[in-house]
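S.K.: To start, I am sharing the structure in question, which I have written as structure tokens.
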Amino acid sequence: MLIFSLAAVLLSVTAFGPVITLPMLAGVVGSVLAIILLFRTKLRKQANWVVIDGSNVLYWNNDKPDLDSVRIVIDELISEGLEPVIWFDANIGYLVADRYLDPAKLSKALRFPARRIWVAPKGTPADPLLITDAQKLNARIVSNDRYRDWEQQFPNISQKDVFVRGKIKDNRVEFR
């Protein structure tokens, strides 16, 4: 955008001289906007992502499936300045609501944006999907699962710093 805008100004000056013309005005406005966008992009804080294994965190409070457990963990992570992404297995709805729940319905229940909630397709485990997502985002994984079935495909998950483990006690998250 900046290059095209500057080119418009240059062409206007070359063709008409240092006279204010519509192409020159458009080029100047475009250049200013492009510079603002460049600075805004450079100044934007880099997101600190964390991927939540929702199907695991679901059981963090008394080993019973409860979306409130996930909500409590989301709130705590956000309060720590992290940007959560949540993955669930396809059966999440049947565990908590006796019906299929898509990201939009889970969004309402969790009071969290649907664009950051993922449900694995039926018959596909969420584990490899969330591990891949965590790798792309350079994020840690919130889960007590050790993902031993996936160590060969994802060797980095054997590193201890990949995971944030925890539990919920008295409606408070205790991360380990």
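S.K.: Within the bounds of the range 87-110, is there any residue that is out of contact with any Gly (no Cβ under 9 Å at 6 or more places or on another chain), polar (S, T, N, Q) and assigned by TED's automatic domain parsing to the domain that holds Ala139?
M.R.: The answer is yes; a qualifying residue exists.
S.K.: If you don't mind, another one. Of the residues in the range 1-23, how many are surrounded by 16 or more Cβ atoms within 10 Å (Cβ to Cβ) and without any contact (Cβ under 8 Å) to a residue 12 or more places away in the chain?
M.R.: Residues flagged as surrounded by 16 or more Cβ atoms within 10 Å (Cβ to Cβ) and without any contact (Cβ under 8 Å) to a residue 12 or more places away in the chain within the range 1-23 amount to 1.
S.K.: How about the range 55-80: which of its residues are basic (Lys, Arg) and outside any loop (DSSP other than H, G, I, E, B)?
M.R.: Arg71
S.K.: Another question, if that's okay. Among the listed residues Ala139, Ala97, Ala134, identify the single one that is surrounded by fewer than 17 Cβ atoms within 10 Å (Cβ to Cβ) and either over 14 Å from Ile52 (Cα atoms) or of a type outside the set (S, T, N, Q) (or both).
M.R.: Being surrounded by fewer than 17 Cβ atoms within 10 Å (Cβ to Cβ) and either over 14 Å from Ile52 (Cα atoms) or of a type outside the set (S, T, N, Q) (or both) holds for just one of Ala139, Ala97, Ala134, which is Ala97.
S.K.: Condition first: acidic (Asp, Glu) and touching an Asp or Glu at 6+ places or on another chain (Cβ under 9 Å). Can you find one or more residues in the range 123-131 that meet it? It would help to see each step written out before you state the result.
M.R.: Of all residues in the range 123-131, those acidic (Asp, Glu) come to 127.
Within this subset, residues satisfying the condition of being touching an Asp or Glu at 6+ places or on another chain (Cβ under 9 Å) are 127.
Within the range 123-131, one or more residues are acidic (Asp, Glu) and touching an Asp or Glu at 6+ places or on another chain (Cβ under 9 Å).
S.K.: Working carefully through the options Glu80, Glu76, find the one that is at pLDDT 95 or above and either exposed (fewer than 15 other Cβ atoms within 10 Å of the Cβ) or more than 28 Å from Gln135 (Cα to Cα) (or both).
M.R.: Step by step, each of Glu80, Glu76 is checked, and only Glu80 is at pLDDT 95 or above and either exposed (fewer than 15 other Cβ atoms within 10 Å of the Cβ) or more than 28 Å from Gln135 (Cα to Cα) (or both).
S.K.: Name the residue that is nearest to Trp150 (Cα to Cα), counting only residues in the range 81-133 that are aromatic (Phe, Trp, Tyr) and in a loop (DSSP other than H, G, I, E, B).
M.R.: Taking the candidates together, the pick is Tyr100.
S.K.: Looking at the range 24-55 only, could you name the residues that are surrounded by fewer than 16 Cβ atoms within 10 Å (Cβ to Cβ) and not hydrophobic (A, V, I, L, M, F, W, C)?
M.R.: Arg40, Thr41, Lys42, Arg44, Lys45, Gln46, Asn48
The values are calculated or read from the model by the stated rules, or taken from the named source; none is laboratory data. Because the structure is predicted, anything quoted here is derived from the model rather than measured. No Cβ is skipped: glycine too gets one built from the backbone with ideal geometry, and neighbour counts run over all protein chains shown.
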